[in-house]
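So the structure is just underneath, and the comments pick up after that.
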Amino acid sequence: MVEQTLILIKPDGLKKSLTGNILTRLSETKLEIIGAKMVKVSWQRANEHYRHLKDLPFYDELIKYIMGEYHKKKVMALVYWGENAISKVRDICGKTNPEEAESVSIRGAYGRITTKGVYENVIHASANTEDAEREIKLWFAPDELIIEAYPVVETTERVKTEKWK
Ligand code: DAT
Ligand code: MG
């Protein structure tokens, strides 16, 4: 099935200068990048992204981590598109727990567990099609993607925004 998936290079990945290595590993999939940008993660977006983990003991630390409290206050967000994109990317990322991830996987090679018990696993990748849709819509606007990944509606709604002076 042709599908799209959201990738985040997390703040620890950026701090460790792993962007090039991670993109090279992901290029093995032969998938297409249909969106890419640097994002300063707001508290709202962090909470929305990880809302399924809200009741877990490591949640507050996880929010601080993804907002860059411990590394750099940014993530690189990408959307990869193509045949079986979700599983191809997840396979290269490896298991959630970096100690359990295969050492050749991205998380196995570069991740660690902090003394507070948070998995700093350098990369996020959508786990299934429902997560991918929710996450891509959370991180990207339709006009930031090269293809129309999901149906869009036209709007004349005014939103306060900035333009170059
Ligand atoms: P994944 O990122 O593999 O989809 P997830 O959605 O279950 O995994 O969890 C999101 C992030 O939360 C994960 O990348 C790292 C952190 N995390 C998950 N389970 C954890 C645990 N048991 N202890 C510490 N951090 C955890
Ligand atoms: Mg997940």
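The values are calculated or read from the model by the stated rules, or taken from the named source; none is laboratory data. Note that the structure is predicted; figures quoted are calculated from it, not measured. We place every Cβ from the backbone using ideal geometry, glycine too, and count neighbours over all the protein chains shown. Note: areas computed on protein heavy atoms with side chains; ligands, DNA, RNA excluded. Shrake-Rupley method; radii C 1.70, N 1.55, O 1.52, S 1.80 Å.
In segment 19-165, Cα pairs under 8 Å separated by at least six residues give a relative contact order of 22 percent. Accessible surface for the chain, divided over its residues, is 61 Å² per residue with a 1.4 Å probe. Peptides 70-83, 142-155, 43-56, 92-105, ordered by how many other C-beta atoms sit within 10 Å of their residues on average, highest first, read 70-83, 92-105, 43-56, 142-155.
Between residue 165 and residue 60, the contour length at 0.36 nm per residue exceeds the alpha carbon distance by 34.0 nm. Using the Cα gyration tensor of the chain, with a ≥ b ≥ c the square roots of its eigenvalues, what is the shape: rounded (a/c below 1.5), prolate (a/b larger than b/c) or oblate (neither)? Verdict is oblate for the chain. Check the straight Cα-Cα distances from residue 15 and name the aspartates and glutamates below 15 Å, setting aside those fewer than 8 residues away within the same chain. Straight-line reach from residue 15, under 15 Å: 69, 120. Using Cβ point charges alone (K and R +1, D and E -1), the dipole size of the chain about the Cα centre works out to roughly 860 debye.
Element breakdown for segment 88-160 at a 1.4 angstrom probe: carbon and sulfur atoms account for 49% of the accessible area.
Past 22 Å, Cα to Cα: identify those pairs from 64/165; 10/160; 40/64; 37/163; 10/137, in the order given. In this structure, 64/165; 10/160 lie more than 22 Å apart at Cα. In the chain, the calculated helix contribution to ellipticity at 222 nm averages -9000 deg cm²/dmol per residue, counting -39,500 (n - 2.57) for every DSSP H run with n ≥ 4.
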